[in-house]
Amino acid sequence: NFQAFYDLLLNNGIIDNKCNWIFGNGQLVIVGDMVDRGEYVNECLYLLYKLDFQAFNKGGRVHYLLGNHDIMLLSGDHRYVHQKYKYISASFNTSVLDLYSDKTLLGHWMRSKNTLLKLNDLLFVHAGISPELIKNNYTIPEINTSVSNYLKSNQADDRTSFILKSKGPFWYRGLVS
C-alpha cells in the first residue's frame, strides 16, 4: 500500500510531500517484507532505494532488513507475489525471479541488505531470535554474510540452512504470545 507507506513517512517527518528525505541524520529501520504485499511493491521499494541514498548524503541512514518474504522473492518462491508482477514478467517473457535478479536495480539493492542490525543497544530483526540461534553462537556478521552468500549462490551450508528455517531470524515467532 504505497499511499499508507507514504503517509506514514510523511506524517512522521521522514519525507516531504515530494518523497524527499527530510529526517536529517536520523535513521529509519524497515524490518523487511515490503514485498508480497500488494500491487505497489516496486513503488515502495524504489522510494526506499531513493531515500537510502538521500539519507546517506545528509548523514542519515535507511536500514532495510530482509524479511522472510524478501528471502522467498529473491530465491524463487513467488506464491505470494501479486498477480500484477506475474503478468509483467510474462509480458517480458521472463520470470518473476528475473525481475528481482542481481542484474536489476532493485534485486541488486535488496541483495545488499542485512538480516540483523545492531544500533546502539537495540537489535533489529524481522521475526525473532530463538534460544537455538543463541546456542549456535552465530555472530551478527556471520548471519548477515551467510544470507548474503546464499542470495548470491542459492546454495545453503549448514549454518545458512539453520538461519533460513523456523528457528532462524526470518521465521522464529516464539517471543510473541
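The values are calculated or read from the model by the stated rules, or taken from the named source; none is laboratory data. The structure presented is a predicted model; accordingly, all values stated were derived computationally and were not measured. Heads up, the Cβs are rebuilt from the backbone with ideal geometry, glycines too, and the neighbour counts pull from every protein chain shown. In case anyone asks, the SASA skips ligands and DNA or RNA and just uses the protein heavy atoms, side chains included. Shrake-Rupley method; radii C 1.70, N 1.55, O 1.52, S 1.80 Å.
Can you pull out the residues in segment 100-113 that are open to solvent by less than 50 Å² (accessible area, probe 1.4 Å) and not in a loop (DSSP other than H, G, I, E, B)?
L106, G107, W109, M110, R111
Has segment 84-99 got any residue that is assigned to a strand (DSSP E or B) and either modelled with pLDDT of 95 or more or open to solvent by 50 Å² or more (accessible area, probe 1.4 Å) (or both)? Please lay out each step first, then the result.
Our first condition is that a residue be assigned to a strand (DSSP E or B); within segment 84-99, this holds for none.
Checking segment 84-99: not a single residue is assigned to a strand (DSSP E or B) and either modelled with pLDDT of 95 or more or open to solvent by 50 Å² or more (accessible area, probe 1.4 Å) (or both).
Does any residue of segment 5-20 turn out to be closer than 28 Å to R79 by Cα, in contact (Cβ under 8 Å) with a residue 24 or more places away in the chain, touching a Leu at 6+ places or on another chain (Cβ under 9 Å) and in a helix (DSSP H, G or I)?
Yes, some residue in segment 5-20 is closer than 28 Å to R79 by Cα, in contact (Cβ under 8 Å) with a residue 24 or more places away in the chain, touching a Leu at 6+ places or on another chain (Cβ under 9 Å) and in a helix (DSSP H, G or I).
Restricting to segment 121-177, name every residue that is assigned to a loop (DSSP other than H, G, I, E, B), touching a Gly at 6+ places or on another chain (Cβ under 8 Å), open to solvent by less than 40 Å² (accessible area, probe 1.4 Å) and among the hydrophobic types (A, V, I, L, M, F, W, C).
The answer is A127, F170.
Being in a helix (DSSP H, G or I) and either at pLDDT below 95 or surrounded by fewer than 22 Cβ atoms within 10 Å (Cβ to Cβ) (or both) is the filter here, so list the residues in segment 56-73 that pass it.
Once the filter is applied, which keeps residues that are in a helix (DSSP H, G or I) and either at pLDDT below 95 or surrounded by fewer than 22 Cβ atoms within 10 Å (Cβ to Cβ) (or both), segment 56-73 yields F56, N57, N68, H69, M72.
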